[in-house]
Each structure stands twice: as C-alpha cells, then as structure tokens.
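One structure below.
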Amino acid sequence: GVLDSGSPRRYLFLIKASSQDALLRGIAVGDELGNAVFSWRKTLGETGRVSSATVYCPPSEISTGNDNGSFVVHGSGLSVDIAASAANRSTNQNITKESPGALDFLFPVSVEPIDPPTYMDLFVPQEVQLLVVNHSDKAMNLQIQMDSSKMSGLKVCGASFRNLGEIRQCGGSCVVSMKIIAFEGAGFFKCQGCSIVDVNSGREIIQPSLFSVFVEQRVE
C-alpha cells in the first residue's frame, strides 16, 4: 500500500518449517531462517530494495537472575533445545546444573504445542495438542495443569488439569488435547499458566508461555 512521508508501518513475520526433515525435527537454535527483503517504488517510478542480515533462530535461554521468570520461546522448539542440551551435557562433563543454558536441568519435563493456532475467533473454542516430553533419567507420574488466573484473554474449556499417567524416562512422551477459548476481546494474547506436576514427589515444573495468538472478532 501507499506509505506517506514519515509514516511508519510495522510487520510481524511468521516463520514455519517447510521441508520434511524440518517438520520432523522442528526448528532448533542456530538454524538459518533467511532474510527479510523490502522493495519499494516511489511516485516518479524510482525503485529501491533493502535486505536484512541473515536471521538465525535464537536459543531458549532464561535470565540467570530469575530462574522462575516467564519468557516466550521465539521460533525454537523447547523440547528440541532441551534434548540438544542433554546431548551436549552427555559429551561435555564440564556442564553442570549451575551451567547457564543447561535446559535439561531447568526443564526435566517440557510442554510444547503441536502446530499451535496463529489466529482464533472470539468465543470459538480451539483444540490445541500439547506434546509432553520427559527428559529426565527416571520415569515420572505426571499431571498437566493450566492456571486460568495467569492467562489473560484466554481460558481452558472444561477441566484445567489432566492426569497423564507414567511417562518413561529419556525422551518418553505423550500428546494431550485441550480446548482453548478467547473470551476477552480482539487482540494479541499469550497462552500461559501451564505447569507439570510430578504426582509422586509433588514437584511443580512451571512452563514458559506456550504460544501467542491473534484473536479476531468477526463482524456479521
């Protein structure tokens, strides 16, 4: 469209895996995501083009000053990065629990949405599948919980917790489905408030925000 002198315009890019290998593995830290290229044509016909530097997938890191703080995973799959962290630790004995970026210590169990929605209609429930992976070296009897008090604009339909049963160690996983509904209004919201509880020990593993979504209000 036409952009007047001095007028800004903001763009939000959505990057998805397209090749079969990438779909199976997921997008991981360090993957090359490409470039953002803009071209334009002035009123008198002059053209121009500018390109960004190559964009790489950033790591899923938590500030060392606040291990329980909330953060959003931008592009990189959390379970993929945790598995890579565990593999790196197995080959490097210098990596300990205190090492920055040792995600498998911070998240012995991860929750990651499978193909989460980027758009939702207001008051229309949307089913979301969540992949739960046990990265620890022991089997766990797990329960997934969604704390509605920590969710803004979004709620879980029905029970806010599910018993997952025992999930085996070292990569054991299960998939659980939950219905999410947008109720507050149109806008940009985060699906957050997810945690995993080890039923046997009572330990709670708070998860980062699962995904962000645009909520649209249809006009009849």
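In this structure, Phe105 qualifies as among the aromatic types (Phe, Trp, Tyr) and modelled with pLDDT of 60 or more.
So, in segment 159-181, of the ones that are in a loop (DSSP other than H, G, I, E, B) and within 20 Å of Gly193 (Cβ to Cβ), which residue ends up farthest from the chain's Cα centre (by Cα)? The residue in question is Ala159. Quick check on my filter: what residues within segment 29-58 are in contact (Cβ under 8 Å) with a residue 24 or more places away in the chain and surrounded by fewer than 10 Cβ atoms within 10 Å (Cβ to Cβ)? Across segment 29-58, the qualifying residue is only Glu32.
Condition first: modelled with pLDDT under 90 and of a type in the set (A, V, I, L, M). Can you find one or more residues in segment 139-148 that meet it? There is no residue in segment 139-148 that is modelled with pLDDT under 90 and of a type in the set (A, V, I, L, M). Inspect all residues belonging to segment 160-174 and state whether any of them is in contact with an Asp or Glu (Cβ under 6 Å, 6 or more places away or on another chain), under 23 Å from Tyr119 (Cα atoms) and among the hydroxyl-bearing types (Ser, Thr, Tyr). No: zero hits. For the structure I just gave you, tell me whether Asp121 is surrounded by fewer than 18 Cβ atoms within 10 Å (Cβ to Cβ), farther than 16 Å from Ile206 by Cβ, free of Cβ contacts under 8 Å to residues at least 24 places away in the same chain and not small (Gly, Ala, Ser). Criteria not met by Asp121.
May I ask you to list the residues in segment 195-220 that are assigned to a loop (DSSP other than H, G, I, E, B) and in contact with a Phe, Trp or Tyr (Cβ under 7 Å, 6 or more places away or on another chain)? Residue satisfying the conditions is Pro208 alone.
With segment 114-158 as the region, which strands (runs of 3 or more DSSP E) entirely inside it contain at least 2 residues that are of a type in the set (S, T, N, Q)? Before you say what the answer is, go through the steps one by one.
Values: elements: 119-121, 126-134, 140-146, 154-156.
The strands (runs of 3 or more DSSP E) meeting that bar are 126-134, 140-146.
A single entry from Val176, Val156 fulfils the requirement of being in contact with a strand residue (DSSP E or B) (Cβ under 8 Å, 6 or more places away or on another chain), under 23 Å from Ile82 (Cα atoms), surrounded by 14 or more Cβ atoms within 10 Å (Cβ to Cβ) and of a type in the set (Val, Ile, Thr): Val176.
Selection over segment 77-102 of residues that are at pLDDT 65 or above, in contact with a helix residue (DSSP H, G or I) (Cβ under 8 Å, 6 or more places away or on another chain) and either assigned to a loop (DSSP other than H, G, I, E, B) or of a type in the set (D, E, K, R) (or both) gives a count of 3.
The values are calculated or read from the model by the stated rules, or taken from the named source; none is laboratory data. Here the structure is a predicted model, which means the values were calculated and not measured. Ideal geometry is used to build each Cβ from the backbone, glycine not excepted, and the neighbour counts take in all protein chains shown.
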